[in-house]
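What follows is one structure encoded as structure tokens, with my remarks underneath.
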Amino acid sequence: AQAAIDAATWDGAANVLPLQYEFASDLKGVIGAFNINTNEWCKQYIFKRCRFLGSKHASSIITLMFLAQWHGFKFGFYLTFFLEFLLVDVEARLRKRAAPLRDMLYKSAGTAFLYDYGVCLPLRQFVTHFGYLPFETMYFAPTMAMFNHVLWWPMAVAGVFLLLDLTVLPRPPRPPPATAADDDKKRK
């Protein structure tokens with residue numbers, strides 16, 4: 001009986017991973033560290049059930065709109081979850097474009113650390129705080145006042161980058177397909 005008690009993990013009710021939340025270098029890390037049980041439930045019962053749509057973006061939007069409605073009918077909830085979708089998408093696109101730089105810096109542990117925590121972490125923290133502003137204010141007028149205070153530049157930068165990425169910029173190179181030798185290396 002004592003062995004079972006000693007083997008217990010005691011984290012069944014944990015819903016936040018504070019260190020991962022604070023020090024994640026990307027938005028997916030933040031999202032994965034907060035409201036863990038709700039996110040898992042939404043992934044299993046909403047996101048995956050929207051597969052018939054054939055689009056991860058559509059499944060994500062439906063899931064996020066469900067979460068906004070779950071929180072209530074205030075303007076800020078819907079805008080926060082829309083910004084989450086937009087900013088995660090922009091971040092993924094930006095990371096693809098920065099992959100050659102990241103790969104070059106990851107050759108050394110020191111430069112990888114500087115890239116993750118000197119560039120990505122501060123940028124992620126700023127974007128996270130900006131994206132959560134509407135959740136805090138909840139109403140249209142205070143949200144617009146705060147966005148006006150920062151001159152909308154985070155939205156402008158994200159919007160311009162997304163527009164350029166979709167229309168003007170050349171497609172980033174795709175990574176080469178994995179080989180059996182690559183699979184063997186991963187297993188070791």
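The values are calculated or read from the model by the stated rules, or taken from the named source; none is laboratory data. Please read these numbers as outputs of a predicted model, since none were measured by experiment. No Cβ is skipped: glycine too gets one built from the backbone with ideal geometry, and neighbour counts run over all protein chains shown. Side chains are part of the model used for accessible areas, which takes the heavy atoms of the whole protein and leaves out ligands, DNA and RNA. Shrake-Rupley method; radii C 1.70, N 1.55, O 1.52, S 1.80 Å.
Of the numbered conditions (1) over 17 Å from the mean Cα position of the chain (by Cα); (2) at negative phi; (3) modelled with pLDDT of 90 or more, Met138 fails exactly one; give the number of that condition.
(2)
Within segment 90-174, considering only helices (runs of 4 or more DSSP H) that don't extend past its boundaries, which have at least 2 residues that are of a type in the set (A, V, I, L, M) and open to solvent by 50 Å² or more (accessible area, probe 1.4 Å)?
By residue number, 99-105, 109-114, 140-149, 153-167.
Does Glu84 satisfy the condition of being surrounded by 12 or more Cβ atoms within 10 Å (Cβ to Cβ), acidic (Asp, Glu), touching a residue at least 60 places away in the same chain (Cβ under 8 Å) and in a helix (DSSP H, G or I)? Spell out how you get there, then give the answer.
Numbers: surrounded by 12 or more Cβ atoms within 10 Å (Cβ to Cβ): yes; acidic (Asp, Glu): yes; touching a residue at least 60 places away in the same chain (Cβ under 8 Å): no; in a helix (DSSP H, G or I): yes.
Against the criterion (surrounded by 12 or more Cβ atoms within 10 Å (Cβ to Cβ), acidic (Asp, Glu), touching a residue at least 60 places away in the same chain (Cβ under 8 Å) and in a helix (DSSP H, G or I)), Glu84 does not qualify.
Would you check if Lys96 is of a type in the set (Lys, Arg) and more than 19 Å from Lys28 (Cβ to Cβ)?
no
One line per residue, one yes/no per condition, for (1) small (Gly, Ala, Ser); (2) at pLDDT 95 or above; (3) under 27 Å from Leu123 (Cβ atoms):
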| site | (1), (2), (3) |
| --- | --- |
| Ala13 | yes, no, no |
| Lys28 | no, no, yes |
| Gly32 | yes, no, yes |
| Asn35 | no, no, yes |
| Tyr45 | no, yes, no |
| Met65 | no, yes, yes |
| Ala68 | yes, yes, yes |
| Tyr78 | no, yes, yes |
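Return the pairs, sorted by first residue and then second, in which the second residue is at pLDDT 85 or above, the first residue lies in segment 106-118 and is of a type outside the set (A, V, I, L, M), the beta carbons are less than 6 Å apart, and the residues are 6+ apart or on different chains.
Asp116/Ser25
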